[in-house]
Amino acid sequence: MALLALGAGCGGTRSTASTARRVNQTHVELQLILKAKERSPRLTVGQATCPPDVTARTGESFECSVEIEGRPARYRVTIAEILGNQAQYEFRPLQAIIDLSTVTDFLRSRLDERWRTAAIDCGQAKLRLADIGATIECTVFDGASTRYIQAVVEDRDGAVSLRER
């Protein structure tokens, strides 16, 4: 969960009975891009898309997406707090965003000394969008023997556990 203070996070005029304040769509999209880059620094992050005309109201939620390695990663955005023309947003991915290079690094760190220099293959893609409980199949080859290890997605933050098959 991330809370970000956004200057000019809400657009429009003061809320009245006939005019509700709106979320500044462009500003939220830029913050989502920054959040995605912070969460996945080794991956290429592209454009974000959020819906227009979201009412700026504490507790209001809406869905946005951001391109990561050319694939749309969906986020639930919730307005946590509004103070004047500033808002705090909470950004939560709807699926785990898995950088496979971090899975490979994690797997290598858990191998005993004999296997530390082995070749590890967890697939060709750099990114995996996965639900909790999904598995990522990896092979570890030391030149003579092969081990088959699964990385199991534990949460939407991308934590994985390892189990050998």
* To do: Output the relative contact order of the chain, whole-number percent, from Cα pairs under 8 angstrom with separation of 6+ residues.
  => 17 percent
* Asked: Which angle from 0 to 90°, rounded to the nearest 10, does the C-alpha axis of helix 100-110 make with the longest principal axis of the chain?
  -> 50 degrees
* Structure fact -> Its Cα gyration tensor gives the range 59-162 an equivalent ellipsoid whose semi-axes in whole Å, largest first, are 36, 13, 11
* Asked: Given only helices, namely DSSP H runs of n ≥ 4 each adding -39500 (n - 2.57), what is the per-residue ellipticity at 222 nm of the chain, to the nearest 500 deg cm²/dmol?
  -> -5000 deg cm²/dmol
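For the range 97-164, what relative contact order do you get, as a whole percent, if you take Cα pairs closer than 8 Å and at least 6 residues apart?
29 percent
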* Asked: For the Cα atoms of the chain, what angle does the longest principal axis make with the long axis of helix 25-39, in degrees from 0 to 90, nearest 10?
  -> 20 degrees
* **Top positive-direction residue, dipole computed over the range 97-164 with Cβ charges, set Val153, Ala134, Ser109** => Ser109
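Any read-out appearing in this document is the output of simple, stated calculations on the displayed coordinates, not a laboratory observation. Keep in mind it's a predicted model, so treat the numbers as computed, not measured. Every residue, glycine among them, receives a Cβ derived from its backbone with ideal geometry; neighbour counts consider all protein chains shown.
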